[in-house]
1. What are the pairs with Cβ atoms under 8 angstrom where one residue, in segment 503-520, is over 22 Å from Ala455 (Cβ atoms) and the other, located anywhere, is among the β-branched types (Val, Ile, Thr) and part of a helix (DSSP H, G or I)? Sequence gap at least six, or different chains.
2. Please tell me if Glu821 is farther than 22 Å from Leu761 by Cβ, open to solvent by 40 Å² or more (accessible area, probe 1.4 Å), modelled with pLDDT under 90 and not aliphatic (A, V, I, L, M).
3. If you check Ile798, Ile771, which single one turns out to be in contact (Cβ under 8 Å) with a residue 24 or more places away in the chain and part of a helix (DSSP H, G or I)?
4. Could you list, in sequence order, all residues of segment 455-487 that are open to solvent by 20 Å² or more (accessible area, probe 1.4 Å) and closer than 15 Å to Val532 by Cβ?
5. Identify, from the list Thr253, Thr280, Thr304, Thr298, the residue that is part of a helix (DSSP H, G or I), open to solvent by less than 10 Å² (accessible area, probe 1.4 Å) and not aliphatic (A, V, I, L, M).
6. Only residues that are of a type in the set (S, T, N, Q) and either over 20 Å from Glu55 (Cα atoms) or out of contact with any helix residue (DSSP H, G or I) (no Cβ under 7 Å at 6 or more places or on another chain) (or both): list them for segment 77-104, please.
7. Is there any pair linking a residue in segment 1-28 that is free of Cβ contacts under 8 Å to residues at least 24 places away in the same chain to one that is acidic (Asp, Glu) and part of a helix (DSSP H, G or I), with Cβ under 6 Å and at least six apart or on different chains, and which?
8. Please tell me if Leu312 is surrounded by 20 or more Cβ atoms within 10 Å (Cβ to Cβ), in contact (Cβ under 8 Å) with a residue 60 or more places away in the chain and under 16 Å from Leu326 (Cβ atoms).
Amino acid sequence: MDLKIEDIERLIHEFYHNSSQSSHSEANQYLTCVQVSAQAWDVVSVLLNPSKPLEVQYFGASTLYTKVTKFYHELDPHKQSDLKNQLLQLLISYLSLEGTKIVVTRIVVSLAAYVIHSVANNWENAVTDLVNTLQPNKLPHIPVNRVLQTLMDLLSAIPEEFQTIYMTQHQKIVIRSALLKFNEQIFAIVLSLMSEPQLPDEIRLSTIKCFSNWSQNMGPLLIADNHEEIVLLVLQSVCNENVSQTAVEAITTIYSHPEMQKQPNLVLKLMDHMMGLEPTLNKAIQESNPEMSNNIYTLFIQITETHSRLLLDTLIDKPENRHNILKAIAVVLQCSSTPGYHSIDETCSEQTFNFWYTLQDDIIASDESRIETYLTLFNPIFHSLIDAFLVKVRYPMDSVYENEWNSYDRESFRCYRQDIGDSFMYCYNILRVSMLSSLLSHFEVAANQLASSMAADQHKSWQYFEAVLFAFSSVAENIGPSESVYLQQLFNALPNIPFAYVTSARLLATAMDTLTAYAEWISNNSSYLPNVLTLLMIGLKSTEYVTISATMALKDITRECQHILRPFAQQILSVCDQSLSPESHLKPKEKSRIMCSIGLTLSVLPLEDIMIAINKLLTPIITDIHNVLNQCDRESSNIDNETVRTHVSAQLSMLAMLFSTLDVNVKRNDSGDEQQIVTTFKDHNSSPQPIYIILEQVLPIFNSIGTKWPTDEAITESLCECIKKSVITLLDEIKPLVPKILELLLFVFKISDIRQQTALLEVFYSVLANIVKRVPALFSSTSLDVSTLFRCAMSALILPEKPTVRYSSAFISEFVILSREVEPMCKVVNDEIENLVGQVFVVIGGTYDSPRCVVEHMADIVMALNWKYFDNLTRCVNALILKDGFPTAHVNHEKKTHFVRLILSQRKNKRKLKEVINEFSLTCRGLIGNEYSNQMIKLPF
């Protein structure tokens, strides 16, 4: 590369001063090439001329750093030795100049990088020489403070460069050993400077940073003989506003090092010294100095969180330390209680959440003999924490929340409340029923305040009551359904709260969330269900903000309490019917949840009552869809209307939810797999399921929808979801409708672009996998193009989306396994097996960039073929391995032969087959032996 100084300077000027994006990009590209070129060594000295513009000098210094860190090997030993003198001369010459701080910084890190490269071979006394060179008395023409500042910056940079410069493991060991010889000298310098009371803050900052870097950036934690003295001086610097944050970072970084666990006495001594910061903390709080108070809080939180196990053990083993440990935890509690709203008035209280989690986790994990002592010690602390959180979690006044807070403030507060909700659960893990007792006391006080404010026509006191309900809902997950003291009192008191007259949407929404949280408890305490339903009705008739929570609550309660819903069915259905009326303000998602509750409620009624309710419920929906379809027939432009398409999709989603929940048989899914469902029949009934009757009526409508919007992903996905939920609900009862369903799905599928409709494919083949498993004989229909279905599934295997490949391969494997029993299916497999095996090899090899995450699903197909079509599979794979470069050039004939032999031998062990396929996939992709691949996929060896 031919480098001309004039061109470089011109491009540097363009880079900094030309606003054109293209010029800026071209200049950056060229200058980057300059830095990596071998000739850059020769131009650096020219660029680092004080007469040049500052940006040119800075580019020269940056280039020097790049060359020293990454291209040091380009220099021969003689030039490497000369480079040391050049760097020292450059540094000293620039120190005598004013206004060149950014250039000096780059030279300093370049010199530090040079030390890393040379300290183990040709400059063994590097650190000592640098210290001797940068002595103020040897550089009288340079200000003393500037020399000291540069020296500490340089010493601080050496451990950083040790961490960043690439080197082999052997080189790292050798260089670390060479550097560790200087640690006593470095710490002596640090102690000497930190002991100077008049040391300028900038030098103190660099000195603290140097102490931190040398203590923990060299690999093992370095604890010098004068460590405690230095730490005490650094701790005193926390009170200095200009260096406080750096001092805290240094201490927390060192004392969070894993090896500090081996130094419990140092940690406990630090805790004792930290108590001396309390006056500074109190002063900072009184003077409203959040920076200082945040720094001190950070120090206490980080140290106590990191060493919580040690502190707990010390509380019992060393009672003399108990006072200071509890005082330190009290400081953390004080931080959690910081007045004001988080992210508006303060930003420090969120730091404490991890500490409280760690503390309760360590307490619970302690020996049983110690837990009782811990509970006694920490009971008042956690009760105080609850009181603090009940204040911090409260909403501001409506006028402030709606008008003064922006969307970011509201979202931050929502996340903060969620963190407090998690912390309430941590408190419950420690306090158990005593927390419920405390919350119930708060509930009574808050309820009285709410009633008083409403009686006085004031609506300002709901926040306290809402906070208590939020706390109750937060701990619900850990409270068993058998709790019979405090929750009964809570639910006995709820009907006395005049929720119908509450104007706060947030209070009502939290009340709905509380009902959701205790749905399982309510199902085991059915006497409270009437009052709960009454409260839910209030929520459903409230504002949009509340109805989201109300519909979720109704859905969960009807699901959990389904076995006791019958006496209340008409009440629930009546309210749901009102919620689905055209006048309702509910959004489509809320209406779908209402439909879920309707299905769950109807399922417990006699068939006659179900059909009466269904006719009343579905008639408006079906009429509405008919009207939309007729409008589209009259005006074709409506087909492309976004509002129309969204409306149709929403109606289908409602039907899908009904199809998934209206079931006169009780189904239980223990495995989480939709294909593994246990069914219990309530009564023997020869009448068809209600869903069957409904589906039979709406299939013609589905056909019309599929015809008009075959390429609309939202509509086709909702349509397929309706079919899928119907199949899962009806199981074998759906057999008579399967031919019509398959015709509909196949029509929609044929028109869709396979790569543009992966979501549709996922739903489509999940449905087909269920159908082929339940009713394989239906694939013998002459009106059904089975071969097209099979070929489309094969095509879907090479798509990048894992769920799509999963369901496509599930369909293929089920199809293959059952095909021996159905002649048309068997013919399809025999006709397509060569293409199928080839496609499987393509996916395994990543020929068309199939992601590695889908490879495991190919084992299902190979296992099915191995089981049912062993001879055909053997013939196909032996033919495929003869193709050169297939599936990729990374595998030769020998490796392919070995792979084939392994997969043909694995006819029952799917786990082993997956491992074999994964290993071959890595080999095909050139990743075998790669560290990342070994982490991601376990290899057989």
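The values are calculated or read from the model by the stated rules, or taken from the named source; none is laboratory data. These figures come from a predicted structure and were not determined experimentally. Because the Cβ atoms are built from the backbone with ideal geometry, glycine has one as well, and the counts that use them run over all protein chains shown. Just so you know, the surface numbers come from the protein's heavy atoms only, side chains and all, with ligands and any DNA or RNA stripped out. Shrake-Rupley method; radii C 1.70, N 1.55, O 1.52, S 1.80 Å.
1. As it stands, the answer is Ala509/Val546; Ala509/Ile548; Met512/Val546; Leu515/Ile522; Leu515/Val532; Leu515/Ile557; Thr516/Ile557; Ala519/Ile557, since those pairs meet every condition given.
2. yes
3. Details: Ile798 fails: part of a helix (DSSP H, G or I).
Going through Ile798, Ile771 in turn, just one is in contact (Cβ under 8 Å) with a residue 24 or more places away in the chain and part of a helix (DSSP H, G or I): Ile771.
4. Ser473, Pro481
5. On the way: Thr253 fails: open to solvent by less than 10 Å² (accessible area, probe 1.4 Å); Thr280 fails: open to solvent by less than 10 Å² (accessible area, probe 1.4 Å); Thr298 fails: open to solvent by less than 10 Å² (accessible area, probe 1.4 Å).
It is Thr304.
6. As a first pass, look at segment 77-104 and keep what is of a type in the set (S, T, N, Q): 80-81, 85-86, 89, 93, 96, 100.
If the condition is that a residue be of a type in the set (S, T, N, Q) and either over 20 Å from Glu55 (Cα atoms) or out of contact with any helix residue (DSSP H, G or I) (no Cβ under 7 Å at 6 or more places or on another chain) (or both), then Gln80, Ser81, Asn85, Gln86, Gln89, Ser93, Ser96 are the ones that fit.
7. Qualifying pairs under 6 Å: Ser23/Glu14; Ala27/Glu14.
8. Numbers: surrounded by 20 or more Cβ atoms within 10 Å (Cβ to Cβ): yes; in contact (Cβ under 8 Å) with a residue 60 or more places away in the chain: yes; under 16 Å from Leu326 (Cβ atoms): yes.
Taking the combined requirement at face value, the residue satisfies it.
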